[in-house]
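Taking it in order: structure first as structure tokens, then the write-up.
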Amino acid sequence: MERSPKQNTLSANGVKSYAKSSFRTNQKDGWYAVLFLGPSLLLLTVFVFYPMLKTLYLSLFITDSLGQPKIFVGLKNYVSLFTSSAYLASVRATLIYVLFVCALTIVLGLLLAQTATAKLRGIGFFRTAFSATMGVSVSVAAIFWLFIFNPSVGLMNNIAKVLHLPVINWLADPTWAMVAVIITTVWMNLGFTFLVLFGALQSVPPTLYEAAQIAGVSKRYQFFHITLPMISPTLFFVCIVTLIEAFKSFGLIDLMTTGGPNNATNLMVYRIYQDAFLNGNYSLASAESIILAVIIAIFTLIQFKFLEKRVNY
């Protein structure tokens, strides 16, 4: 039965009145939202938003030794950085470091997580061992790996001697120093990556693998067409977090190489620390901080642009 124009008008008015009443209710509830979000917004403002704006402000000035702005120079700090061969070398070293740390951490974490899902005797011990690095502080990890890379009594060179391989002075050679720092960082980050991916693998329905086995599908096909699509949201999260953490690496660099030798491991974060707290050049360090933030944002947006399309929610 068709409705009359009068009935349609009444129903439309009813929807409008309901929407208005709902809006009034939401406005009243908005005060509760402000009440609950207020403390978090206050903390973000004090410790995130204000420092970011202050850093951007200082990057446009020349500052004194106390960090007080004295002379407005506009974008000259940025121009001097992009025309500095030392700074460009630091950017290049950071990109190499981030690339290898992210790739190795994610690939090894996924392989360890896949291995830990096997139903073998004593697998619980290996699960604990794989995730144990989460409980190790940066200082302890640095001391541990400094001993391993020691040129005289270190484990790496002792193994090289047994295998009749050349002995390497790991932390004194520019190329091998970067390799040593990458190995240490991957070892530190592996526990978190393993634990997150292992939890994601545990949530994959076993019936999918049972159906694949009945169909005679190979393990390799199951991994690429069942496992990866099912854990893709978690894998995407791990990629984002690992990338950001790699760009922010500081502790291991400071304790193991202090940016050397010959600035081979002087990453962007460590250079900011040197310019600000060792050299007292807060304006240049502020400009470097802004550049680093922009680079992290660009790489994160690229990941969202290209990787999120492959995520199955």
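What the table below lists for this structure:
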| read-out | value |
| --- | --- |
| Residue among THR265, THR83, THR55 with the largest mean-square fluctuation in a Gaussian network model of the chain, springs linking Cα atoms under 10 Å | THR83 |
| Karplus-derived HN-Hα couplings along segment 259-276 (A = 6.51, B = -1.76, C = 1.60, θ = phi - 60°), whole Hz, x at Gly and Pro | x, x, x, 6, 6, 5, 10, 7, 6, 4, 5, 5, 5, 4, 4, 4, 5, 7 |
| Highest-MSF residue in the chain out of GLY122, GLY191, GLY154 [GNM, Cα springs under 10 Å] | GLY122 |
| Amide H contacts under 5 Å for PHE61, placed H, 5+ residues apart | VAL73 |
| At 1.567 mPa s and 4 °C, Stokes diffusion of segment 139-200 via Kirkwood alpha-carbon radius, µm² per second | 101 µm²/s |
| Under the Karplus curve 6.51 cos²θ - 1.76 cosθ + 1.60, θ = phi - 60°, whole-Hz ³J(HN,Hα) for segment 74-90, x wherever Gly or Pro sits | x, 9, 5, 4, 5, 5, 5, 5, 6, 9, 9, 5, 5, 5, 5, 5, 5 |
| Calculated P(r) over Cα pairs in 20 Å bins from 0, in percent (choose from (i) 34, 55, 11, 0; (ii) 23, 44, 26, 7, 1; (iii) 29, 44, 18, 9, 0), label | (ii) |
| For GLY260, residues with placed amide H under 5 Å, excluding near neighbours | THR265 |
| Residue-averaged 222 nm ellipticity for the chain, from DSSP H runs of 4+ at -39500 (n - 2.57), nearest 500 | -22500 deg cm²/dmol |
| Under Karplus coefficients 6.51, -1.76 and 1.60, residue-wise ³J(HN,Hα) of segment 31-48 in Hz, glycine/proline x | 5, 5, 4, 5, 5, 6, 7, x, x, 5, 5, 5, 5, 5, 5, 6, 9, 10 |
| For the chain, size of Cβ-based charge dipole, Lys and Arg +1, Asp and Glu -1, in debye | 1020 debye |
| The chain: most fluctuating residue of VAL73, VAL46, VAL238 per GNM, C-alpha cutoff 10 Å | VAL46 |
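Values in this text are rule-based calculations from the coordinates and carry no lab data. Only a predicted model underlies this, so the values are computations on that prediction, with no experimental measurement involved. Positions of Cβ are generated from backbone atoms using ideal geometry, with glycine treated the same way; all protein chains shown enter the neighbour counts.
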